[in-house]
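Read through the structure below, which is laid out as structure tokens, and then see the notes.
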Amino acid sequence: MVYRLISHFLSRRLALCLLCQAPAGNAAGICTSCAAELPQLGCTCPRCARPLPVTATCPQCLRHPPAFDAAHCAWHYAYPVAQLVRRLKDHGDMAAAHSLTLLAAERLRPDVPPDILVPVPLHWRRYWQRGFNQAQVIAARLGHHWQLPVDTGALRRLRSGPSQQQLNRSQRLRNLEGCFAAHRRVEGLRIGLVDDVMTTGATLEAAARSLRQAGALSICTFAMARTP
Ligand SMILES: [Zn+2]
Ligand SMILES: [Zn+2]
């Protein structure tokens with residue numbers, strides 16, 4: 001027991017920083033100086049997490065309020081956060097997932113915790129190709145840090161749709177219509193909707209709409225990173 005504790009302690013102390021390979025010296029696996037240089041978001045729109053010069057609701061959210069009540073993103077989708085997200089997504093790198101989610105859990109810890117965390121689902125075909133859902137990995141770890149239950153069956157993806165990458169926000173939204181189905185058990189609950197990256201917000205919007213239709217009381221979103 002003592003031996004296991006000592007070796008656990010040593011392995012944590014001796015673990016190398018994922019970014020600079022210096023001894024990380026902490027449980028996050030990213031050293032303090034690298035962690036301090038992660039691309040901070042600064043002021044954002046509280047509804048959609050869009051980076052802004054001041055913290056205020058952005059014109060787009062004033063005109064068309066999103067289906068979610070608040071959006072929280074830990075960092076800009078830029079070096080080295082983007083590389084860590086890709087390591088998780090493309091290579092199933094769980095060390096990257098561990099570091100990102102531990103640091104993000106500290107940054108994004110909600111004042112009023114939701115009742116459950118719900119990861120944005122992948123279509124089964126995509127899930128089958130990749131072998132895992134990165135949003136589910138992130139939600140499980142945030143749930144662990146925040147002591148919140150994770151409901152992976154609350155939301156289903158009915159179709160995968162063509163690639164979204166070349167589309168603008170309204171094209172993406174149209175593309176995503178009817179893409180998600182939420183289970184009735186979300187009725188009356190405060191939902192924390194989890195994804196890896198928030199790009200135009202269209203995916204989270206479509207998922208939030210179906211949670212609303214199923215009677216969710218409130219929805220806030222959590223993502224590791226935000227694209228500008
Ligand atoms: Zn480092
Ligand atoms: Zn906004």
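The values are calculated or read from the model by the stated rules, or taken from the named source; none is laboratory data. Here the structure is a predicted model, which means the values were calculated and not measured. Glycine also receives a Cβ, built like all others from the backbone with ideal geometry; neighbour counts cover every protein chain displayed.
Residue count for the range 69-86 under the criterion of being part of a strand (DSSP E or B) and touching an Asp or Glu at 6+ places or on another chain (Cβ under 8 Å): the result is 0. Suppose we filter 225, 208 for residues that are within 13 Å of the chain's Cα centre (by Cα) and either closer than 24 Å to residue 111 by Cβ or not in a strand (DSSP E or B) (or both); which single one remains? Only one candidate qualifies: 225. Note on the range 16-50: residues that are within 16 Å of ligand 2 (Cβ to nearest atom) and hydrophobic (A, V, I, L, M, F, W, C) amount to 5.
Let's see how each residue does on (1) within 19 Å of the chain's Cα centre (by Cα); (2) outside the structural domain of residue 105 (by TED's automatic domain parsing); (3) touching a residue at least 24 places away in the same chain (Cβ under 8 Å); (4) farther than 19 Å from residue 198 by Cβ:
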site	(1), (2), (3), (4)
129	no, no, no, yes
144	yes, no, no, yes
156	yes, no, yes, yes
166	no, no, no, no
178	no, no, no, yes
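For the range 36-50, filtered to residues that are at pLDDT below 95 and under 13 Å from residue 104 (Cβ atoms), the residue that is farthest from ligand 1 (Cβ to nearest atom) is 41. Pairs meeting the criteria (first residue in the range 89-117 and under 14 Å from residue 17 (Cβ atoms), second residue surrounded by 14 or more Cβ atoms within 10 Å (Cβ to Cβ) and of a type in the set (D, E, K, R), beta carbons under 9 Å, at least 6 apart or on different chains) are 95/87; 96/86; 96/87; 98/141; 100/141; 100/196; 102/141.
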